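Since the structure comes first, as structure tokens, the remarks are kept for the end.
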Amino acid sequence: MPTILSIKDLRKAYDDGFEALKGVSLDIDEGEIIALLGPNGAGKTTLISTICGITMPTSGSVSVAGFDILRDFRQARSLIGLVPQEIALEPFEKVINTVRFSRGLFGKGRKDAAVEDILRRLSLWDKRDSQIRALSGGMKRRVLIAKALAHEPRVLFLDEPTAGVDVELRKDMWEIVEGLRADGVTTILTTHYIEEAEAIADRVGVINKGEILLVEDKDKLMARMGQKQLDVQLTTQLTEVPEALGGYDLTLGDEGWTLIYSYDTKSERTGITKLLTDVAGAGLQLRDVVTRQSSLEDIFVSLVKEPEGSA
């Protein structure tokens, strides 16, 4: 697929010397769903704000479908839809008028069929004549998405779109994003919900302290960095790992009732068979054996974790 968003060495520094973005480079393909993960203050919102023209970059470049965000601002911005973190809507306006107004802001002519289609897809059609103030928090977030889609953008930014939304509405939004992909819309979302990235993203980017730590295909990332863990549950409680098992990388869990063994799934030999034989040889009886794969959350935490002793 062709690249629709190209970010090259993007930097943002403030007068006090703080660098919010430190040379961010990233290419995103048309129709892709990419999740941008990072702790608070990592630079996620600054990156989105800069691409959308809300914040001026210090240096670097960004182009949307070939249009530079500074030189060709109107053309670039017309291709972008933004759903911000904060719910800022006119409380006494009707839902349908709010969406129509957003379409007009981008110079688009009235197109009732397009507005109706957006509202129906977001389960807002029945609420079209309701005032914003009468809606639930989840419905207001849907209105934000409808506003962002009103001018038919090709790139959609979702900045923490499901913050404060219940699980059911969150899953509905995942389905909405998948539906947009079918229309060729590229979606970039920032999120604190790791399961959101696992559920819908094609690629995952991790940003911390204004720098992109990695951008990789989600499945490849989990295969490359994911580890499997074997929990050997015992019938006897231990206070320490037996000396006979000292050759294995084992830790105690479950207050001493479980031996935990981590291993690389890509290795030719996992060592599990020999471990279980040696566990029996050490006079320990098994109650159960359970395996689990490292999650994307485990990988994310390991990437952004501060080294011990750092300030």
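Quick note: the coordinates plus some simple rules give every number you see, no bench work behind them. Just so it is clear, the model here is predicted, and its values are computed rather than measured. Because the Cβ atoms are built from the backbone with ideal geometry, glycine has one as well, and the counts that use them run over all protein chains shown.
With Rh defined as the Kirkwood radius, the inverse of the mean 1/r over Cα pairs, the Rg/Rh of the stretch 96-185 is 0.94. Sorted from longest to shortest, the spans of the Cα atoms of the stretch 227-293 along the three principal axes equal 31, 21, 17 Å. Per-peptide packing, taken as the mean over residues of other Cβ atoms within 10 Å, places 25-36, 236-247, 68-79 in the sequence 25-36, 68-79, 236-247 from highest down. Between R133 and L276, the simple spin-label model (points 7 angstrom out along Cα→Cβ) gives 6.6 nm. Each Lys and Arg Cβ is given +1 and each Asp and Glu Cβ -1; about its Cα centre, the chain then shows a dipole of about 1480 debye. Footprinting exposure proxy ranking of Y263, Y14, fewest other C-beta atoms within 10 angstrom first, gives Y14, Y263.
Lysine pair count for the stretch 3-223 with Cα-Cα distance under 14 Å and sequence separation of 8 or more or different chains is 13. Here is the size of the stretch 26-150 from its Cα atoms: Rg then Dmax, 16.0, 46 Å. Residues whose amide H lies under 5 Å from that of L5, counting only those 5 or more places away or on a different chain, are I28, A65; hydrogens are built 1.01 Å from N in the peptide plane.
Determine the relative contact order of the chain: mean sequence separation of Cα pairs under 8 Å and six or more apart, normalised by residue count, in whole percent.
Reported as a whole number, the value is 19 percent.
Working from label points 7 Å from Cα in the Cα-to-Cβ sense, the N40 to I260 distance is 2.6 nm. When each of the peptides 274-280, 96-102, 151-157 is scored by the mean number of other C-beta atoms lying within 10 Å of its residues, the order from highest to lowest reads 151-157, 96-102, 274-280. Look at the dipole of the chain built from charges on Cβ: of L26, I80, V279, the Cα furthest out on the positive end belongs to I80. In this simple spin-label approximation, L213 and K108 carry label points 7 Å from Cα along the Cα→Cβ vector, and these lie 3.7 nm apart. Taking the chain as a Gaussian network, where each spring joins two C-alpha atoms under 10 Å apart, which residue of Q285, Q85, Q229 fluctuates the most? Checking each option, the largest mean-square fluctuation is seen for Q285.
Distance distribution note for the stretch 3-223: the fraction of Cα pairs above 30 angstrom is 22%.
On the basis of the beta-carbon distance and an R0 of 25 Å, D15 and F73 show a calculated FRET efficiency of 0.60.
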